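K.L.:
Before anything else, here's the structure in question.
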Amino acid sequence: MWLYLGVFSALFLGLYDISKKHSLQENAVLPVLFLSTVFAAALMVPEIILSRLSPEYMTKVGFYIPAIPFTGHLHIFIKSAIVSAAWLLSYVALKNLPISIAAPIAASGPLWVLLGAIVFFHEKPTILQYLGLGMMVASYYLFSIIGNKEGIRFRSDKWVAFILLATLIGTCSALYDKFLIQNLKYSPLVVQAWFSIYLVVILGAVVLAFWLPQRKNHTPFVWRWSIPLIGVFLIIADFAYFRAISYQGSLIAMLSTLRCSSIVVSFLGGAILFKEMRITHKAFALCGILLGVFLILSSK
């Protein structure tokens, strides 16, 4: 069952990326990001309220969110701040890059985790991990060549730098998730619920401070039906992922590999919905990235 949940999560992560790209086309980034988090948080608020009013029923159906102390809220607020920084960078980058370029770069998390383990913790990767590392580096080099033909200079393009930085910050968030759930023993549903709410608080402050006073000087905001879908798809994807982890015998490495396969859905969306260029060449590079991810994660 956990494998099916992993595939389900990957599907909705891909739909999440497609919704972001659709929402951000010729649109203001900050209100799109803020409103999408509002819809995501709105899905979690009923669970929090019902967990206080009817804990027995919520436990029975598997949606119980236990109360946590002030320090717990502080820990989750820190996670929300980390993710807010990553999302601000990634949303701006996605607005200005083809999704068939941005999504594969955003899937480079396993590459950075492995490099960090080598540099900072002096870990010695297996032969398969070295092969995966080489495969991903070669594939990203191929993407840089393809990007050059579309006017995207990987070495100097600030949007590429933004998506790379967002991916690095996202890797920190994933490591922090592990600390919250495994070390501090917070329920995954607790983290997901309060993280969604604190995102609204943080991004609401950013909108009020930076976008609202200057909105007439920037790209105007246009409402699109895909904006609420961003939050809905993300909640569904994360819920399926956390459910999969809860199954006895589930393999984190396999689930991580399945989650990375969401870029296939994003890639197809770029080809079919957004009519992006050089899809055949990008598909070849994409296969290299997926193979590299599989080699890195399957050899843990």
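Each reported figure results from applying straightforward, stated rules to the coordinates on display, with no laboratory input. No experiment lies behind these values; they were computed from the predicted model shown. Note that each Cβ is placed from the backbone with ideal geometry, even for glycine, and that neighbours are counted across all protein chains shown.
K.L.:
Could you put 57, 198, 241, 64 in order, starting from the residue whose Cβ has the fewest other Cβ atoms within 10 Å?
P.N.:
57, 64, 198, 241
K.L.:
Further question: Of 84, 295, 43, which is farthest towards the positive pole of the range 2-298's charge dipole, taken about the Cα centre with +1 and -1 on the beta-carbons of Lys, Arg and Asp, Glu respectively?
P.N.:
Ranked along the dipole, the leading option is 84.
K.L.:
A further question on this structure: Would you order 227, 49 from fewest to most other beta-carbon atoms within 10 Å of each residue's own beta-carbon?
P.N.:
49, 227
K.L.:
Which length gain, in nm to one decimal place, applies between residue 54 and residue 124 when the Cα-Cα distance is subtracted from 0.36 nm times their residue separation?
P.N.:
20.2 nm
K.L.:
Report the charge-dipole magnitude of the chain in Debye, nearest 20, computed about the Cα centre from +1 at each Lys and Arg Cβ and -1 at each Asp and Glu Cβ.
P.N.:
380 debye
K.L.:
Something else now. Starting from the Cα of residue 277, step 7 Å toward the Cβ, then list every residue of the range 138-172 with an amide N under 18 Å from that point.
P.N.:
Output list for this probe position: 142-160.
K.L.:
Run the simple label-point estimate for residue 155 and residue 137 please: 7 Å along Cα→C-beta, distance reported in nm.
P.N.:
Inter-label distance under the simple model: 1.7 nm.
K.L.:
So for each of 3-16, 203-216 I average, over its residues, the number of other beta carbons within 10 Å; can you give me the resulting order with the highest mean first?
P.N.:
Highest-to-lowest ranking by the protection proxy: 3-16, 203-216.
K.L.:
Pull up the cross-link candidates among the lysines for residue 216, meaning alpha carbon to alpha carbon under 30 Å and not fewer than 8 places away within one chain.
P.N.:
In chain and number order, the partners are 20, 21, 95, 158.
K.L.:
For the pair residue 26 and residue 70, how long in nm is the line joining their label points, each one 7 Å along Cα→Cβ?
P.N.:
If labels sit at residue 26 and residue 70, their model points lie 5.1 nm apart.
K.L.:
Right, something else. Would you mind getting me the FRET efficiency between residue 3 and residue 212? Use the beta-carbon distance for r and R0 = 45 Å, nearest 0.05.
P.N.:
It comes to 0.50.
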